[in-house]
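Throughout, read-outs are computed from the coordinates displayed, never taken from laboratory work. Quantities reported herein were computed from a predicted structural model and do not represent experimental measurements. Neighbour counts are summed over all protein chains in view; Cβ atoms, including those assigned to glycine, are modelled from backbone coordinates with ideal geometry.
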Protein chains: 4
Amino acid sequence: MEKIRIGIFGFGKTGKIVATEFLNDSLFQLEWVVRKGHEKHHKYASRLLGQEFDAGEIFSVEDIDEMFFIEKPVDALVDFSDSTGLYLYEKAAKAGIPIISAISKYEQKELDLLKSFAESTSVLYSPNITLGINVLMVAAQILQKIAPHADIEIIEEHFKGKKEVSGTAKKIANALCLNVEEHLHSIRVGGIVGRHEIIFGLPNQMIRLSHESINRAAFGQGAIFAVKFLIGKPHGIYSMETIIAEMFRNNIPVY
Amino acid sequence: MEKIRIGIFGFGKTGKIVATEFLNDSLFQLEWVVRKGHEKHHKYASRLLGQEFDAGEIFSVEDIDEMFFIEKPVDALVDFSDSTGLYLYEKAAKAGIPIISAISKYEQKELDLLKSFAESTSVLYSPNITLGINVLMVAAQILQKIAPHADIEIIEEHFKGKKEVSGTAKKIANALCLNVEEHLHSIRVGGIVGRHEIIFGLPNQMIRLSHESINRAAFGQGAIFAVKFLIGKPHGIYSMETIIAEMFRNNIPVY
Amino acid sequence: MEKIRIGIFGFGKTGKIVATEFLNDSLFQLEWVVRKGHEKHHKYASRLLGQEFDAGEIFSVEDIDEMFFIEKPVDALVDFSDSTGLYLYEKAAKAGIPIISAISKYEQKELDLLKSFAESTSVLYSPNITLGINVLMVAAQILQKIAPHADIEIIEEHFKGKKEVSGTAKKIANALCLNVEEHLHSIRVGGIVGRHEIIFGLPNQMIRLSHESINRAAFGQGAIFAVKFLIGKPHGIYSMETIIAEMFRNNIPVY
Amino acid sequence: MEKIRIGIFGFGKTGKIVATEFLNDSLFQLEWVVRKGHEKHHKYASRLLGQEFDAGEIFSVEDIDEMFFIEKPVDALVDFSDSTGLYLYEKAAKAGIPIISAISKYEQKELDLLKSFAESTSVLYSPNITLGINVLMVAAQILQKIAPHADIEIIEEHFKGKKEVSGTAKKIANALCLNVEEHLHSIRVGGIVGRHEIIFGLPNQMIRLSHESINRAAFGQGAIFAVKFLIGKPHGIYSMETIIAEMFRNNIPVY
């Protein structure tokens, strides 16, 4: 079987780990990585990540010209750069290359542009692209419908240095119509990578759903999951939660 | 609105708590309770349970004659007695009264009889009738389908005196095709009412689903939930897990 | 061996459970219970609590006269009433009867009076008299000294109806010099009896200490533990945390 | 202040992480690392670990001659190699250099040799050298003495590939006189680095003590902690649990 060719935008802390996951998965061929600046330019991401083979040639954003996506074709483009990355790969999207974006936050203008890509290709956008956290959110929303009188509280735990409240936790709170000020509790201690817990309390019983990231490679695995899902799908905009919700629908057990 | 009339078989430790929950819910009228033996016969369950009004007249199994279910009609019959209770209310089932059975374990003969009731009425049978534990099981089965490579382990915690492995935990293990000897861990300490945890491990992330019973009134609430569901449903055999699975199907979030 | 004779002040929700624990422990003889009002006066607490024998004669606060503690002697007096209860048993304290008070909160005036009792008898005062929560607090204080750079957060979980922040959690926060506003998180859901968790985070490891009350009988067991400790001790004021700290000191393992 | 000079034996997976922790701590100067084989010999550990400076010259075990420890003096020697490493640094020990060994398991012969080192220097031996796990063990032993009737169970969770039962968990079970077959439960799922939980159950309350390793750097921090403790101590054999027990003794809170 031919390998799925991947191009990555972004080579920061998370981008590197995501690249590593694609390099380690024999289903994929990492074609190139686009990063800011000229530093370590035109080398291979694989070498920089400690591998003994050449893969993932590194380009600067300035290398992106008219011909880039034609001369260096990929089957999917994965974006872990920043909110302006998408201006650079507009041509790729118009040419029908599936786009996976895991950017934390877009301005409305960028969000509109991303959505416009969906006319010519399939686009998946999810700020938190791990499988588990989206499973947690979908399960929690269903449970809230099943037990509408349950009291619900969310606890999110992250490393001491994380200043803001977890965006993922806020998204879950919104999906559950919970007031963030009252029902979302942020714990900041030590080196916790990331943990989210949703507590459902009824008078006589409790349900707790929790997700814990062991390390950031979970994001790479999420991107791999997203690419596999997206290839071959109709044009349109997708998100991890729509995928997971669909998987819930297709896997209801029969007794 | 007219109250839903309830008859209960069984007045042991759990039966009493279930009766209390029906007494406390203004939607219901507890008509009678059938118990073994003559002791405290022809009094009211309500009085024995510390209430200041008369409800739930107590009958002995020997009081059940041809006319019992005609003279003392109910809208649903809830069985927390034992595996032979169903012989006594065969007539009720044939007359179309919905049956809720929470008996732990039936012999095949009794199970066949119970199933035969489903030709003339709606029958719900669930050894563990709490809402939460069934939500846990359905969610776990879906999650296993979404993440088929996840390692799964089950921990069940109960009070020191509980000798056998939790039947509920074994049922969950079976639903997940897990070998009970290898993947089910039983903790027996102190006075824990009952806690089940299902652990999903992926290389970079963990999901934990847990259910904890605070007290046995959870069974009464489960019975109330089951009665509300069952009344008006077509003849047939139902279980808590089929109800919950159906509720999952009807409540998949749309984004 | 002669039984330890106990008198209890207070017969509310917790007082009743505490009385039950003393009734069920063959080491003790519950002599009397003093409660407010005349209701069910001069009956036996044992009967009101479902026992088949007479114990714990019930008296009204108005029955306490000059001779009460002389005519109805006890070996220890346990107070689960309210902050003014101690005015009634001043004479008992002066006569040398050990006092165990589990009152939630005293005004300074009452606190001074309680301390004055310590000149003539041994007095133990602890708003939270469970064994476990005090073990948690002492262990947390030691751990903070061993790992002074650890980040510490406290989560307390209680039933939805509990309005105020857990006094026990505030006490632990104070003992650890943590700002309550920032580092204490209150979860209010369903019917949780009471759970406290102290989280210690270091860059590469986490320690979590948690205590969970299964039911209020834990307070009765704490009172029993306190009575056993207090009898025969020198005059003075004691608390559960001083007892537990002393037990830590006497039980450091030797390798 | 002069830096504390460190020599490390062992440069495997854990050895590298331990070296990194010493390199990153300005209190220490990593002088050398001794590893098996000639590969990457006479380079600097710092460079191999991604640092931009020279520290921790790498030597082969064959480089250890009569003069090694005289020509390349250190203030403490840290051993993360294997059970035979100690034959190579016998001379260092006889010369009074403090030894920290974190070898998992010694044969009796090697253990006797290690103990003999204690006549001429201070030796600390702990198979699990993290701070947290030893705190857990000491606290659990004290708690068992305080609540001798508590039921105790241990759960240890590690990555799927870990074949054997956690040695640390077995050590804790032994310290608590618990039968390993009955009371120790091993969970093997996904990529969990390592988690130990000790559950204490009483009829009305539960205490849970848990320790979780976020990553293996916890071993390096444990070694740093051990070196700081050991320097200047009298000759003799020490362990992390004796240090922690001593710290418990010195930090009992006073109320």
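Annotation: the antiparallel percentage among DSSP beta bridges lying fully within chain C is about 35. Computed about its Cα centre, the charge dipole of chain A is approximately 400 debye, with only Lys, Arg, Asp and Glu carrying charge at their Cβ.
For chain D, modelled as a GNM whose springs connect Cα atoms under 10 angstrom apart, the maximal fluctuation among D:Pro234, D:Pro127, D:Pro98 occurs at D:Pro234. The mean sequence distance of close C-alpha pairs (under 8 Å, at least 6 residues apart), as a share of the length of chain D, puts its relative contact order at 19 percent. Take each residue in B:146-157, count the other chain C-beta atoms within 10 Å of its C-beta, and the mean is 4. Within the listed set B:Ala93, B:Ala175, B:Ala140, the Gaussian network model of chain B (springs between alpha-carbon atoms below 10 Å) gives the highest mean-square fluctuation for B:Ala175.
What does the charge add up to near D:Thr121, with Lys and Arg as +1, Asp and Glu as -1, over the other residues with Cβ less than 10 Å from its Cβ? Here the count lands on +1.
Rounded to the nearest 5, what % of the DSSP beta bridges within the protein assembly as shown are antiparallel ones? So the antiparallel bridges in the protein assembly as shown amount to around 40 percent. What residues of segment A:104-129 lie in the reach of a label at A:His235, counting those whose backbone N is under 18 Å from a point 7 Å from the Cα along Cα→Cβ? Under cut-off, by backbone N: A:112-125.
Sorted from closest to farthest, the other copies place their C:Tyr87 label points 6.7, 7.8, 8.4 nm away, with each point set 7 Å from Cα along Cα→Cβ. Taking every Cα-Cα distance in segment A:72-186 and sorting them into 5 Å bins starting at zero, the pair-distance distribution P(r) comes out as 2, 10, 18, 17, 15, 13, 12, 8, 4, 1, 0 percent.
Solvent-free Debye calculation, one equal scatterer per alpha-carbon of the protein assembly as shown: log10 I(q)/I(0) at 0.05, 0.09, 0.10 Å⁻¹ equals -0.40, -1.15, -1.32. When chain B is treated as a GNM with alpha-carbon contacts under 10 Å, the residue of B:Gly190, B:Gly167, B:Gly85 showing the greatest mean-square fluctuation is B:Gly190. Nearest 0.05, what FRET efficiency do C:Glu66 and B:Lys163 give at R0 = 41 Å with Cβ-Cβ as r? After rounding, the FRET efficiency stands at 0.15. Of the trypsin sites (Lys or Arg not before Pro) found in segment B:107-163, those in coil by DSSP whose Cβ has at most 16 other Cβ atoms within 10 Å are B:Lys160, B:Lys162, B:Lys163. Among B:His183, B:Leu111, B:Ala245, whose Cα projects farthest towards the positive end of the dipole of chain B, with charges put on the beta-carbon of Lys, Arg (+1) and Asp, Glu (-1)? Value: B:His183. Among D:Val254, A:Val193, a tally of other beta-carbon atoms within 10 Å of each Cβ gives an order, fewest to most, of D:Val254, A:Val193. Contact order for segment C:131-213, expressed relative to its length and based on alpha carbon pairs under 8 Å spaced 6+ residues apart, stands at 37 percent. Between C:His185 and C:Ile154, C:Ile155, C:Glu156, the built amide H atoms are under 5 Å apart, and every one of these is 5 or more places off in sequence or on another chain.
Based on Cα contacts under 8 Å between residues 6+ apart, segment A:13-67 shows a relative contact order of 33 percent.
Taking amide H as placed 1.01 Å from N in the peptide plane, the amide H of A:Val33 sits under 5 Å from that of A:Ile8, A:Glu57, A:Ile58, A:Phe59, each at least 5 places away or on another chain. Neighbouring Cβ atoms from other chains, within 10 Å of the Cβ of residues in A:128-135, number 4 on average. DSSP assigns beta bridges within segment C:114-204; of those with both partners inside it, close to 60 percent run antiparallel.
Pairs spanning more than 18 Å between alpha-carbon atoms, out of B:Lys13/B:Lys72; B:Lys13/B:Lys162; D:Lys3/D:Lys72; B:Lys3/B:Lys228; A:Lys170/B:Lys145: B:Lys13/B:Lys72; A:Lys170/B:Lys145. Between A:Thr121 and A:Gly236, the built amide H atoms are under 5 Å apart, and every one of these is 5 or more places off in sequence or on another chain. Viscosity 0.692 mPa s, temperature 37 °C: give me the Stokes-Einstein translational D for segment B:131-213 in µm²/s, with Rh taken as the Kirkwood radius over C-alpha pairs. The calculation lands on 254 µm²/s. The share of Cα pairs per 5 Å bin across chain B, counted from zero up to the longest distance, runs 1, 6, 13, 16, 17, 15, 12, 9, 6, 3, 1, 0, 0 percent. With a 10 Å cut-off around each Cβ of D:215-224, the average count of Cβ atoms from other chains is 3.
Inter-copy label distances at C:Phe53, shortest first and taken from points set 7 Å along Cα to Cβ: 3.9, 7.7, 8.1 nm. Between A:Thr84 and B:Glu246, the C-beta separation translates, for a Förster distance of 41 Å, into a calculated FRET efficiency of about 0.30. Sorted ascending by nearby beta carbons within 10 Å, beginning with the fewest, A:Ile58, D:Ile252 become D:Ile252, A:Ile58.
Using the Cβ-Cβ distance between B:His149 and D:Leu48 with R0 set to 41 Å, the FRET efficiency from 1/(1 + (r/R0)^6) comes to roughly 0.80.
At q = 0.15, 0.21 Å⁻¹ the log10 of I(q)/I(0) for segment D:1-112 amounts to -0.60, -1.20, computed by Debye summation with a single uniform scatterer per C-alpha, solvent ignored.
The rotation axis taking chain D to chain B passes closest to this chain D residue's Cβ, listed with the gap in Å: D:His185, 2.
Shortest first, D:Lys170 label-point distances to identical copies amount to 3.1, 5.0, 5.0 nm, with the label point at 7 Å from Cα along Cα→Cβ. Between D:Asn179 and C:Tyr255, the distance separating the two model label sites (each 7 Å from Cα on the Cα→Cβ line) works out to 2.7 nm.
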